[in-house]
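Here the structure comes first, spelled out in structure tokens, and everything after it is commentary.
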Amino acid sequence: MPKINGNEIRSGNILEHNDGLWVAVKVDHVKPGKGGAFAQVEMKNLRNGSKLNERFRSADKVERVRLEQKDQQFLFETDGMLTFMDTESYEQIELPADLLGERRPFLQDGMTAQIEYYESEALSVSLPQKVTCTVTETEPVVKGQTASKSFKPALLDNGVRIMVPPFINVDEAIIVDTESMEYSERA
């Protein structure tokens, strides 16, 4: 694995530090009036989610890690474990459902998700950017309300509540952004 200087750390980099894998969430390059410059790095542990603030001087060497990304198909969920299948080798793996956090309801049967591996350990699961859902419950359209940029609450078929434009009706398919968990467009 390549070693990088402390001043080369960027947001999104994955670092091996203190016998753990950390993702750099926020990086501030500080140049104080006295002394040498340093990078103030806010990091999040990929295994347990704990956070850490660390200072790295430009002379400090840090191990940068590259994760292997594989597209895998979601099969089913049992007892809080999600089962995915590698589409090339047909090998199946089980991952805890809490890896997805609040995005779990957007995972649909047969969906292809991207799983990041460090050696043979699965660390994270990312869903496709946009997912199609159906509105199961929302308020009726109020005439004359379309002029302003207003939104109304809606319940989706996966149990998630989001805000949608007033022209969206019940049983309508919409596309939801899984990153922001907001309405994107009509399907």
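The values are calculated or read from the model by the stated rules, or taken from the named source; none is laboratory data. Keep in mind the model is a prediction, meaning the values are calculated, not measured. As a convention, Cβ positions derive from the backbone with ideal geometry for all residues, glycine included, and neighbour counts pool all protein chains shown. These area figures cover heavy atoms from the full protein model, side chains too; ligands, DNA and RNA do not enter into them. Shrake-Rupley method; radii C 1.70, N 1.55, O 1.52, S 1.80 Å.
Observations on the structure shown:
- Among the residues here, G110 does not qualify as touching a residue at least 24 places away in the same chain (Cβ under 8 Å), open to solvent by 50 Å² or more (accessible area, probe 1.4 Å) and under 17 Å from E77 (Cβ atoms).
- Within segment 3-62, if we keep just the residues that are part of a loop (DSSP other than H, G, I, E, B), among the hydrophobic types (A, V, I, L, M, F, W, C) and under 25 Å from the mean Cα position of the chain (by Cα), the residue that is surrounded by the fewest Cβ atoms within 10 Å (Cβ to Cβ) turns out to be L46.
- Residues located in segment 80-91, provided they are closer than 25 Å to G49 by Cα and of a type in the set (S, T, N, Q): T83
- Filtered by the rule that a residue be open to solvent by 30 Å² or more (accessible area, probe 1.4 Å), closer than 30 Å to P153 by Cα and either free of Cβ contacts under 8 Å to residues at least 24 places away in the same chain or among the β-branched types (V, I, T) (or both), segment 113-137 gives S126, T132, T134, T136.
- One residue stands out in segment 149-187 among those that are aromatic (F, W, Y) and surrounded by 12 or more Cβ atoms within 10 Å (Cβ to Cβ): the one that is farthest from the chain's Cα centre (by Cα), namely F151.
- Residue count, segment 78-95 (criterion: open to solvent by 50 Å² or more (accessible area, probe 1.4 Å) and without any contact (Cβ under 8 Å) to a residue 24 or more places away in the chain): 9
- Strands (runs of 3 or more DSSP E) contained in segment 100-187 and holding at least 3 residues within 18 Å of T83 (Cβ to Cβ): 112-118, 121-126
- Here E77, E88 are screened, and the one residue that is of a type in the set (D, E, K, R) and not in a strand (DSSP E or B) is E88.
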